[in-house]
Amino acid sequence: MTRHDHQVDTGGVSALLEGLSSRFDGEGAGRSKDDGKPSGRHDGKPSQETVSRSKFTALLSEPDALAFDELAMVLRRRTGRRVDKAEVLRAMIAAALDDPAVLEPLVRKLRRGSEA
């Protein structure tokens, strides 16, 4: 058997990667992705709140996840703007704490059990 040496020109790949890296703020050469500043929203606009936040995970059944998706879509249509699910949760919490008409149905549902 003979041995074949092959040379691969990666110059085009390097140029492509360099071009792509310049499209993403904070990730180019000499810039750290985690600079300690609050991250912007996915749409490039800064978030409205600069307070620190805690990350939570919610495990939802498939029907509950679909209902949450539907709620988010209804709210997007009714507000006429993009509303992300974290914003929906924050609004729900605020509404429940501010308005007894929102809080009481939650209390009744939770007294009956989470599956009620």
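The values are calculated or read from the model by the stated rules, or taken from the named source; none is laboratory data. Predicted, not measured: the structure shown is a model, and the values here were computed from it. Here Cβ is always computed from backbone atoms with ideal geometry, including for glycine, and neighbour counts include all displayed protein chains. With ligands, DNA and RNA removed, areas are computed over all heavy atoms of the protein, side chains included. Shrake-Rupley method; radii C 1.70, N 1.55, O 1.52, S 1.80 Å.
Using the Cβ atoms and a cut-off under 12 Å, what net charge is assigned to the surroundings of Phe68, where Lys and Arg are +1 and Asp and Glu are -1? Result for the neighbourhood of Phe68: -4.
Each label point was placed 7 Å from the Cα along the Cα-to-Cβ direction; for Ala65 and Arg78 their separation is 2.4 nm.
For the range 55-110, rounded, prolate or oblate, judged on the Cα gyration tensor with a ≥ b ≥ c (square roots of eigenvalues), a/c < 1.5 rounded, else prolate if a/b > b/c? Cα axes put the range 55-110 in the oblate bin. Rolling a 1.4 Å probe across all protein chains gives Thr79 an accessible area of roughly 80 Å². The residues neighbouring Val102, those whose beta-carbon lies less than 15 Å from its own, together hold a net charge of 0 under the Lys/Arg +1, Asp/Glu -1 convention.
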